[in-house]
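Take a look at the structure below.
Each value in this text was obtained by applying a stated rule to the coordinates, not by laboratory testing. Since the model is a prediction, treat every value here as computed from it, not as a measurement. Note: ideal-geometry Cβ built from the backbone for every residue, glycine included; neighbour counts use all protein chains shown.
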Amino acid sequence: MNLMPEKKTNRNLTEKQQSFLDNLVTTEGDFKKAAELAGYSGNHYQVLKSLKEEVVDLASDVLARSAPKAAFKLVEMIDSNKPIPQASQKLHAAQTILDRVGVAKTDRVQVDHNVQGGIFILPEKHSVVIEDTEYTDVTIEEE
């Protein structure tokens, strides 16, 4: 399975930065090893900070590509007649992956709307002209 990141952004990455992202996949997320393999020396956190958006995209890609495996694992657990070691952890992990990629149980709401009448058309609006006139202030006094 190819887990290499796809170039989604318009950002031009240097050869070292692209190598870091590629190595991040081959090292299964080990930032320090990925930075060393890409030729960075010293603090790999600076590299990670500058490539934050690309790393998040990469993680999303990895989860999306793992979704079918998670779905099949759920089905396998349902169909299995044998005890499955660590079944609850595997079930939770599969559900989490599927939730993160957007495959979650959906709440369905049925809306029935019956309309008896047709369209109600209002008359055309006319402009109201307010004339300058004198008025008397009327106040109502309470008893």
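Just a few scattered comments:
- Among 30, 132, 112, the residue with the largest mean-square fluctuation in a Gaussian network model of the chain, with springs joining Cα atoms closer than 10 Å, is 132.
- Exposure proxy order (Cβ contacts within 10 Å, fewest to most) of 124, 53: 124, 53
- Gaussian network model of the chain, Cα within-10 Å springs - most flexible of 44, 113, 92: 113
- Reported value for the chain: 540 Å³ per residue, from the convex hull of its C-alpha atoms.
- Residue order, fewest to most beta carbons within 10 Å, for 72, 20, 120: 120, 72, 20
- Whole-Å semi-axes of region 65-106's equivalent ellipsoid (Cα gyration tensor): 19, 10, 9
- The chain, relative contact order in percent, only Cα pairs under 8 angstrom and at least six apart counted: 17
- Segment residue 46-residue 139, extension gain: residue separation times 0.36 nm, minus the distance between their alpha carbons: 26.0 nm
- Shown for 100, 108, 11: other C-beta atoms within 10 Å of each C-beta, ranked fewest to most, produce the order 108, 11, 100.
- Anisotropy class of region 10-50 from Cα gyration tensor, a/c 1.5 cut: oblate
- Max mean-square fluctuation residue, GNM over the chain, Cα-Cα springs under 10 Å, options 82, 52, 69: 82
- For residue 44, net neighbour charge (Lys/Arg +1, Asp/Glu -1) across residues whose Cβ lies under 11 Å away: +1
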